[in-house]
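What follows is calculated from the coordinates using simple rules that are stated; it is not laboratory data. What you see is a predicted model; the values in this text were computed from it and never measured. Cβ placement follows ideal geometry from the backbone for every residue including glycine, while neighbour counts extend to all protein chains displayed.
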Amino acid sequence: MLTCRDFLKELSDYLDESSDRKLRADLEQHITQCPNCWVIADTTRKTIRIYKGMDPYPIPADVEERLMRALEKKIAAKAH
Amino acid sequence: MAVSSLTGIDESTLVAQARENDPRAFSELVRRYEAKIFRLAQHITQNREDAEDVLQETFFKAYEHLDQFQGNSKFYTWIVRIAVNQALMKLRRRKTDRSVSLDDTIDTGEDTVTREIAAWDEDPEQRFSREELGGILDSAIQSLAPPYRSVFVLRDIDELSTEEAAEALGLSVPAVKSRLLRARLQLREKLTRSFKRKGDDAFAYM
């Protein structure tokens, strides 16, 4: 019988669907009987979903300009 | 450097062209990844000026060593590794009294904290405007210790595999996994304060 501690330890693999079949069945059985772990699993799954693929802020224009200018110099220096 | 004609070209072609000394191809690679590298550098250095240095140094190094890129990993994984090394060097220079690495022992006292146990709505993010949501998500990430933060950004935002993140960060696969678990649980904990279903409290399920 899995404890809540065991469940938490395996939570990441469970949510990534990378636990093996036997363990997955045990974990699923645990959450049907443990409302707290069910809530933790559900809210952690939502946490991952909300962040997934979040675009970075566009790079500030001045930062990009300095980067491109520095690279141009670098590339020109290499060409000579 | 106008490179819009290269936007649709796949990455391996661009890398091959850049290796043939086509500066436009290299600029396009830079354009594709600069914002992600800048975000990662800011997360590690926690300083915009350092992050900008890291950004430039990363693409300089990538340009210089393009012939060493094997092509058996993704180009992004390869430059992330360069960026992580540059960012750690920055941190080391800043804190000369001690060495810094992403392997630093972390205070794990609160590693699997689950004090906030309350259900969320199905789509709790709908309750907030884009700006509000962005603010909530950002400040939750900022509250993570840097070693958790970089693992979380690479695995769950940039969607690298565990193995790719391990390679990029120079960590073992088990280290990436345990940090990811802690990062996810800590973020869950923070977000629960904003996202829990109205009327629910921590003891509703006890």
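The GNM of chain A, with springs linking C-alpha atoms under 10 angstrom apart, assigns the highest mean-square fluctuation among A:Asp26, A:Asp42, A:Asp55 to A:Asp55. Backbone geometry of region B:183-190 corresponds, through the Karplus equation with coefficients 6.51, -1.76 and 1.60 at θ = phi - 60°, to 3J(HN,Hα) couplings of 4, 4, 5, 5, 5, 4, 4, 5 Hz, x marking Gly and Pro. The modelled label-to-label distance for the pair B:Asp10/B:Asn72, using points 7 Å beyond Cα in the direction of Cβ, is 2.0 nm. Rounded to 0.05, the FRET efficiency of the B:Gln126 and A:Glu17 pair, given R0 = 25 Å and the Cβ-Cβ distance, is 0.45.
Spatially close Lys pairs in chain A, defined by Cα atoms under 27 Å apart and a spacing of eight or more places or different chains, total 4.
Taking label points 7 Å from Cα along the Cα-to-Cβ direction, B:Asp22 and B:Gln142 give a separation of 4.2 nm.
For chain A, rounded, prolate or oblate, judged on the Cα gyration tensor with a ≥ b ≥ c (square roots of eigenvalues), a/c < 1.5 rounded, else prolate if a/b > b/c? Prolate, since a/c reaches 1.5 and a/b exceeds b/c. GNM, chain A, Cα, under 10 Å: largest mean-square fluctuation among A:Arg66, A:Arg24, A:Arg49? Most flexible of the set in this elastic network: A:Arg66. Seen from A:Tyr57, the other residues with C-beta closer than 10 Å to its C-beta sum to a net charge of -1, counting Lys and Arg as +1 and Asp and Glu as -1.
Remark: region B:56-69, residue by residue, has Karplus-estimated 3J(HN,Hα) of 5, 4, 4, 6, 4, 4, 4, 5, 5, 10, 4, 5, 8, 6 Hz, where x stands for each Gly or Pro and the curve is 6.51 cos²θ - 1.76 cosθ + 1.60 at θ = phi - 60°.
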